[in-house]
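See structure below.
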Amino acid sequence: MNNKNENPELEQKRLSLEKQIAIGIWIQVIGATIEFLGIAKLRGISENPDSIPEKEVLSGAGIQALGTFFEAIGVTGQITEIDNTLKLDAQKLAITGDWLQSIGAALEATGGTGEFLQEQEKANLFVP
């Protein structure tokens, strides 16, 4: 955000809020990484680790983790960079990270749906 104000107090508040946002995103990086590693380990003990849905879930989680990492680097760069060109590059990186997270979430959801349908088929459940 480049809404620079002449008011130093407001500028300080803005910077403080931007730092809080960056910290939140870095926490998401940790969470997304833990999720990805957990899914990878779970797939390692799965009955059917080569199933397409399981591969989609794992790939989706990995793409999301990578996207979150890119976003965190980009947001941090927007806060720390002085040069406007580098700030714009950091913004582009953050947006790229957002897109990767979206793509990863869609892939993970597709895989999760596939896993659900396979489990439902095995259990022969009735869903009215």
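The values are calculated or read from the model by the stated rules, or taken from the named source; none is laboratory data. Since this is a predicted model, take the numbers as computed values, not measurements. Backbone-built Cβ (ideal geometry, glycine too); neighbour counts: all protein chains shown.
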I'd like to check something: does the stretch 41-63 contain any residue that is touching a residue at least 24 places away in the same chain (Cβ under 8 Å), more than 30 Å from Glu119 (Cβ to Cβ) and of a type in the set (D, E, K, R)? no
Within the stretch 62-99, how many residues are assigned to a helix (DSSP H, G or I) and acidic (Asp, Glu)? 3
Residue that is farthest from Thr33 (Cα to Cα), among those in the stretch 84-128 that are at pLDDT 95 or above and of a type in the set (D, E, K, R): Lys87
Being of a type in the set (Gly, Ala, Ser), surrounded by 15 or more Cβ atoms within 10 Å (Cβ to Cβ) and farther than 21 Å from Lys19 by Cβ narrows Gly112, Gly74 down to just Gly112
What do you reckon, is Glu119 touching a residue at least 12 places away in the same chain (Cβ under 8 Å), among the charged types (D, E, K, R) and not in a loop (DSSP other than H, G, I, E, B)? no
Complete set of residues in the stretch 77-105 that are polar (S, T, N, Q) and surrounded by fewer than 18 Cβ atoms within 10 Å (Cβ to Cβ): Thr80, Asn84, Thr85, Gln91, Thr96, Ser102
